[in-house]
Amino acid sequence: MKRQLKPDIVFSWSPSQVAAMELSSGQKSVGADFASVSIITAGKSALVGIGRERTFIKTVRLPKVSGDDLRQLVFVQWKSLFPIEEADAAFCAHQTSDVTADGILTVVAAVRTTDLIEIREQLATRGIKQVHFVPMAVSAAAALASLGITDGLVVDGNGSQTTFDLVSGGETVLSRSVLHAESAEIEAKRTLLADGQSTAQVFATSNVVFNGAQVLSADLLSSLADVTGHDLISRQEQAAELAGISKKNNRLSIYFLIAAVLLLAVVLTQRFDEEQVVIQGEAKWAKRVAKARSNRKIAELESKKQTDFTNLLDPAFEPGQRLSDALGSIIVAAPANIWLTGVNMDRGRPIQIRGTAMTNEAVTQFVNVLGASDRFRDVQLVNASLAKIEQTEVVNFTMNVTAVANVPLPKPQKTKKSAGSSKGSDKS
């Protein structure tokens, strides 16, 4: 679900305040809700920044993946990241350029789906049909990027809230929202210490008073239009998008089939015309005509063989199951007292699973469940070792499992017994 064009209007939304800006004219309006914003919205597209107090932002290091696989990795670690259920949330995951041996620093933001549904309904009453959502906090990184700055703490005022967005390496990695305090400087220090920093430069917008901070000339609201890679998408929206892509591919396949049928009709028609010319020829060509008919039958048999061979090979060029489906099956198969710490997946190679269990029995149960699944084969427990977490003994394990594809296994050929070797024959 990628945005190709900039929206007509950008909004910042929080339960207590809504701000809007029309990008073409620069007109701004602030109100308690969408109904009180005095900007013409009918027939326009909108981008809505969700306020910090309704947004959860976390950073986690993950392997380099893209698209659906990245979302699946976030699902695996969801409960350790956010206090809301994954089914009730829309989220975005953006991988940064910060790479270490532990993986790529990935910024994950989540909001409640109910908030997005309510906002979409309110905008629909004002004539806006196309709406996208991003975390408002990422506008801080976009605002600094417009000034050629990649690191800093951006302080802003929004209604009764003071917000602190920490930008590192051109990405918003931490966001806080607090009630207006007596000292914004103290809250800024708390924000920097929360990320282990203390020397980052502080930038303040015109909405807040901060002694010693550099005034941020870029506008956070207008900077939302420059944000990419942070669209908040729910699982339902992702499923609908994938269904649309599948439908489009099916339609294209039908068009190719129709073209093949038409081409076959042209070929058969041409053959029929040539056959009629031969039939109407002189008698001396009768033998040649019979031979041509025989050759045609041979060609049809060869064509059928080629078709059968193609049908046999087709499954070898199509994946038996998506990596995301295999990952989901592994997660579901894991017992309650097992924690998966890593899953390495690569097309054409066995899947490597690493995890921690409370008991050896739990590891055995996990191996048996995967072995009994139709999706996997060759389940191998590579390593299992005892370890201690504080005073609790646990089992660290590694296993390999192969995802079953849709290439049929070759059937053994039956050997025919000769008459002389049949049972009961005994030549002396």
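The values are calculated or read from the model by the stated rules, or taken from the named source; none is laboratory data. Everything numeric in this text was worked out from a predicted model, so none of it was measured. Counting neighbours? That spans all protein chains shown, and the Cβs are built from the backbone with ideal geometry, glycine included.
General observations
- Qualifying residue in the range 36-47 (condition: free of Cβ contacts under 8 Å to residues at least 12 places away in the same chain, assigned by TED's automatic domain parsing to the domain that holds E171 and of a type outside the set (A, V, I, L, M)): yes
- Tally of residues being of a type in the set (A, V, I, L, M) and under 15 Å from Q380 (Cβ atoms) across the range 344-368: 4
- When F210, F133, F203 are checked against the criterion of being closer than 29 Å to R235 by Cα and either out of contact with any His (no Cβ under 7 Å at 6 or more places or on another chain) or surrounded by 22 or more Cβ atoms within 10 Å (Cβ to Cβ) (or both), a single residue qualifies: F133.
- I104 meets each of the listed conditions (1) within 22 Å of S14 (Cβ to Cβ); (2) of a type outside the set (K, R); (3) in contact with a Pro (Cβ under 8 Å, 6 or more places away or on another chain) apart from (1).
- Pairs, first assigned by TED's automatic domain parsing to the domain that holds I50 in the range 199-228, second aromatic (F, W, Y), C-beta under 8 Å, six or more apart: V202/F210; A204/F210; A213/F203; Q214/F203; V215/F203; L216/F203
- Some residue of the range 75-83 being among the polar types (S, T, N, Q) and crowded, with 21+ Cβ neighbours inside 10 Å: no
- Checked against (1) under 18 Å from P63 (Cα atoms); (2) surrounded by 12 or more Cβ atoms within 10 Å (Cβ to Cβ), V382 meets all criteria but (1).
- Pairing residues of the range 5-23 that are within 16 Å of L220 (Cβ to Cβ) with residues that are acidic (D, E) and part of a strand (DSSP E or B), at Cβ distances under 7 Å and at least 6 apart in sequence or on separate chains, gives I9/E22.
- Subset tally (residues that are in contact with a helix residue (DSSP H, G or I) (Cβ under 8 Å, 6 or more places away or on another chain) and of a type outside the set (V, I, T)) for the range 276-292: 4
- Number of the exception - A35 against (1) surrounded by 13 or more Cβ atoms within 10 Å (Cβ to Cβ); (2) in contact with a Lys or Arg (Cβ under 9 Å, 6 or more places away or on another chain); (3) more than 22 Å from N207 (Cα to Cα): (1)
- K44 meets all of the listed conditions (1) among the basic types (K, R); (2) touching a Leu at 6+ places or on another chain (Cβ under 9 Å); (3) buried (at least 16 other Cβ atoms within 10 Å of the Cβ) but one, namely (2).
- Breaking point among (1) in contact (Cβ under 8 Å) with a residue 60 or more places away in the chain; (2) part of a strand (DSSP E or B); (3) more than 24 Å from the chain's Cα centre (by Cα), for E53: (2)
- Strands (runs of 3 or more DSSP E) contained in the range 138-226 and holding at least 3 residues touching a Phe, Trp or Tyr at 6+ places or on another chain (Cβ under 7 Å), at pLDDT 85 or above and more than 20 Å from V30 (Cα to Cα): 152-158
- Where F75 falls short, out of the listed (1) assigned to a loop (DSSP other than H, G, I, E, B); (2) in contact (Cβ under 8 Å) with a residue 40 or more places away in the chain: (1)
- Only a single criterion out of (1) under 24 Å from the mean Cα position of the chain (by Cα); (2) of a type in the set (A, V, I, L, M); (3) surrounded by 14 or more Cβ atoms within 10 Å (Cβ to Cβ); (4) in a strand (DSSP E or B) is not satisfied by V99, namely (3).
- Answer residue from the range 138-150, given it is buried (at least 17 other Cβ atoms within 10 Å of the Cβ) and more than 22 Å from the chain's Cα centre (by Cα) and is nearest to G43 (Cα to Cα) among those: S139
- Looking across the range 55-87, the residues that are of a type outside the set (V, I, T) and either touching a strand residue (DSSP E or B) at 6+ places or on another chain (Cβ under 6 Å) or in the same structural domain as R354 (by TED's automatic domain parsing) (or both) come down to F56, K58, R61, L62, P63, K64, L70, L73, L81, F82.
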